[in-house]
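The values are calculated or read from the model by the stated rules, or taken from the named source; none is laboratory data. Just so it is clear, the model here is predicted, and its values are computed rather than measured. No Cβ is skipped: glycine too gets one built from the backbone with ideal geometry, and neighbour counts run over all protein chains shown. The protein model used for the area step is the full one, side chains on, heavy atoms only, and it has no ligands, DNA or RNA in it. Shrake-Rupley method; radii C 1.70, N 1.55, O 1.52, S 1.80 Å.
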Amino acid sequence: MGIPRATARIILVDPEDRVLLFRFRPPLPFEEVTGWLTPGGGLDPGETPAAGAVRELFEETGYRVDPARLSPVVAVSAGPWTADDGTDYDATDSYFFLRADAFEVDISGHQEVERDALSGHRWWPLPELRETPDRVFPLGLAALLERLLRDDLPAEPVRLPWR
């Protein structure tokens, strides 16, 4: 068993219904050389998931938002992964949905770990997200995003596969 690690992530959509994803190198047990993931990260001690999500969003994108603007948690994914230093984690990722105003992504707030892990970002339209051969995290994001773009928020968080 690994160290429990709760994260909060945001499925962030711009006015053109494109979702923001960051390019990264997935950790073990994933075998892909590169993948894409939503903004977000680990919660600080005592931090609520919504507070952690908006803190991470600001650090990673420069976009500041009140936690009250977030949807309820729309999805959860959980499973093991291994950090570069060999530390094993048992992650539980909670995903919020947010429609954002147009803005320029500002990565100047990235912490060292984010500068090391993230190698770019882009806004993805749903058709491209559906068709990409790249691994996108969370798995099942395209189908969930299609639902969210119709303003069909799930009554309970959707369980997305880890692998």
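For the range 48-61, does any single residue satisfy the condition of being of a type in the set (S, T, N, Q) and under 20 Å from Trp123 (Cα atoms)? Yes, some residue in the range 48-61 is of a type in the set (S, T, N, Q) and under 20 Å from Trp123 (Cα atoms). The set of residues from the range 148-163 being at pLDDT 95 or above, over 14 Å from Val73 (Cα atoms) and surrounded by 13 or more Cβ atoms within 10 Å (Cβ to Cβ) comprises just one member, Leu149. If you check Ala51 against the conditions, is it of a type in the set (A, V, I, L, M), in a helix (DSSP H, G or I) and within 19 Å of Phe24 (Cα to Cα)? Taking the combined requirement at face value, the residue does not satisfy it.
Note on the range 104-132: among residues that are of a type outside the set (A, V, I, L, M, F, W, C) and part of a helix (DSSP H, G or I), the one that is least open to solvent (accessible area, probe 1.4 Å) is Glu114.
Scanning the range 142-160 for residues that are within 13 Å of the chain's Cα centre (by Cα) and closer than 19 Å to Pro15 by Cβ yields a single hit, Leu145. May I ask you to list the residues in the range 133-147 that are surrounded by 11 or more Cβ atoms within 10 Å (Cβ to Cβ) and assigned to a loop (DSSP other than H, G, I, E, B)? Result: Asp134, Pro138, Leu139, Gly140.
To keep it simple, each residue is scored yes or no on (1) at pLDDT below 95; (2) within 20 Å of Leu139 (Cβ to Cβ); (3) more than 14 Å from the chain's Cα centre (by Cα).
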| position | (1), (2), (3) |
| --- | --- |
| Thr38 | no, yes, no |
| Ala78 | no, yes, no |
| Asp84 | yes, no, yes |
| Glu114 | yes, no, no |
| Ser119 | yes, no, yes |
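Condition first: open to solvent by less than 50 Å² (accessible area, probe 1.4 Å) and aromatic (Phe, Trp, Tyr). Now tell me which residues in the range 54-76 satisfy that. Passing the criteria: only Tyr63. Would you check if there is a residue in the range 17-39 being in contact (Cβ under 8 Å) with a residue 40 or more places away in the chain, on the phi > 0 side of the Ramachandran plot and in contact with a strand residue (DSSP E or B) (Cβ under 8 Å, 6 or more places away or on another chain)? Within the range 17-39, not a single residue is in contact (Cβ under 8 Å) with a residue 40 or more places away in the chain, on the phi > 0 side of the Ramachandran plot and in contact with a strand residue (DSSP E or B) (Cβ under 8 Å, 6 or more places away or on another chain). You will find that of Ile107, Ile3, the residue that is of a type in the set (Val, Ile, Thr) and more than 17 Å from the chain's Cα centre (by Cα) is Ile3 and no other. Screening Asp101 on (1) surrounded by 14 or more Cβ atoms within 10 Å (Cβ to Cβ); (2) at pLDDT below 95 shows it passes everything except condition (1).
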